[in-house]
């Protein structure tokens, strides 16, 4: 068998980036066990945590809880903490408990050392209150971000309201100007009506006078009188038109 055939017959394993698990158990607060674990090669992946008692699986959780101190210490995005409740049987058998982190991608395991009772008690006195403090800080940060977003939305709404008020003000000014223009037109039309009434009265008096003159005048003068009357009427009409144009255009 040639070397090439031997290579073909070899079982090739998939090219998987090996896991780099790192973590620890922080404290045992009463009946609650706290800790964290993550895969440095896969910081976005949550690691599985298994609790064994005398080699038998007692409980299993996922290390995906968020902790501010982890994020600040460069442990991924901080969502690699875990906590599990222990019943009285598990607490009584704490010396026979084993905590193991398992990478879902590679199956690699990391046993997390369970510190002694006095060591856990000392760490709990510091770590647990500190973790709770950071949890509250995280909540305050989230509330502050929400407040900033709400303030931004409020400012945008106020800007839109101000723009609408500006538009309404401009529309009101335009409406006011148009109303004043219409009032001026109505006033001038009224003046024109008054002038037309007076002009009609003048023409009526002129016609009556012209009729009287026609009756009194001799026959040869009637044609001249008619021509003069026509010219006078034409001049009056032109004056009326001129006045109307002046009033309307002014």
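P(r) tail for segment 47-185, what percent of Cα pairs lie past 18 Å? Summing the P(r) tail past 18 Å for segment 47-185 gives 74 percent. For the peptides 138-147, 104-113, the ranking by mean Cβ contacts within 10 Å, running from highest to lowest, is 104-113, 138-147. The slack between residue 59 and residue 137, meaning 0.36 nm per residue of separation minus the straight C-alpha distance, is 25.1 nm.
As a proxy for reagent exposure, 169, 34, 80 were ordered by neighbouring Cβ count within 10 angstrom, fewest first; the result is 169, 34, 80. Arranged from fewest to most other beta-carbon atoms within 10 Å of their beta carbon, 59, 48, 242 become 242, 59, 48. For 52, 133, 82, the sequence from fewest to most other C-beta atoms within 10 Å is 133, 52, 82.
FYI, it's all coordinate maths here, none of it is from the lab. Keep in mind that what you see is a predicted model, and the values were worked out from it rather than measured. Cβ: placed from backbone, ideal geometry, glycine included. Neighbour counts: every protein chain shown.
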